[in-house]
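Presented below is the structure to which this report refers.
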Amino acid sequence: MKPIPPRLQKLYPYHWPASPNGLPNKLAARPATIGNPFEVEIYGRQAAIELYPLWIFETLLRGDCQAKRLRMALRRARGCNLLCYCKPGEACHADWLLELLNADALSVHVLKP
């Protein structure tokens, strides 16, 4: 199994950190399609992270335009470093997303058309 690409911190809107491993960087923060719609300031960090997987799977199961857009964004993010505003060491939805996107069997099932 290949190592999981890292989550990198995006410090401000125009900051785009260099890739530490040669893989492309993909934005996993709002307003990106794979950004967490649950704001930490409103829901709290833990609840926002726990709600994110439910939102992902619920959206994918709907099969509408948003589901197609999300599935495409998830496919494009597979094997990439993910950027989020969360500080290194803080819990983040992108950590869960990296595991999902790089788990062989699960991601193939979730991301199939």
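Most tightly packed first, judged by the mean number of other beta-carbon atoms within 10 Å of their residues, the peptides 50-56, 20-26 read 50-56, 20-26. Ellipticity at 222 nm from helices only: DSSP H runs of n ≥ 4 in the chain, each -39500 (n - 2.57), divided by the residue count, give -14000 deg cm²/dmol.
Counting only Cβ charges, +1 for Lys and Arg and -1 for Asp and Glu, the dipole size of the chain around its Cα centre is about 500 debye.
Each peptide in 38-45, 61-68 gets a packing score, the mean of other Cβ atoms within 10 Å over its residues, and the list from highest to lowest is 38-45, 61-68.
No value in this document is a laboratory result; all are computed from the given coordinates. Everything numeric here is computed off the predicted structure, so don't read it as measured data. Note: ideal-geometry Cβ built from the backbone for every residue, glycine included; neighbour counts use all protein chains shown.
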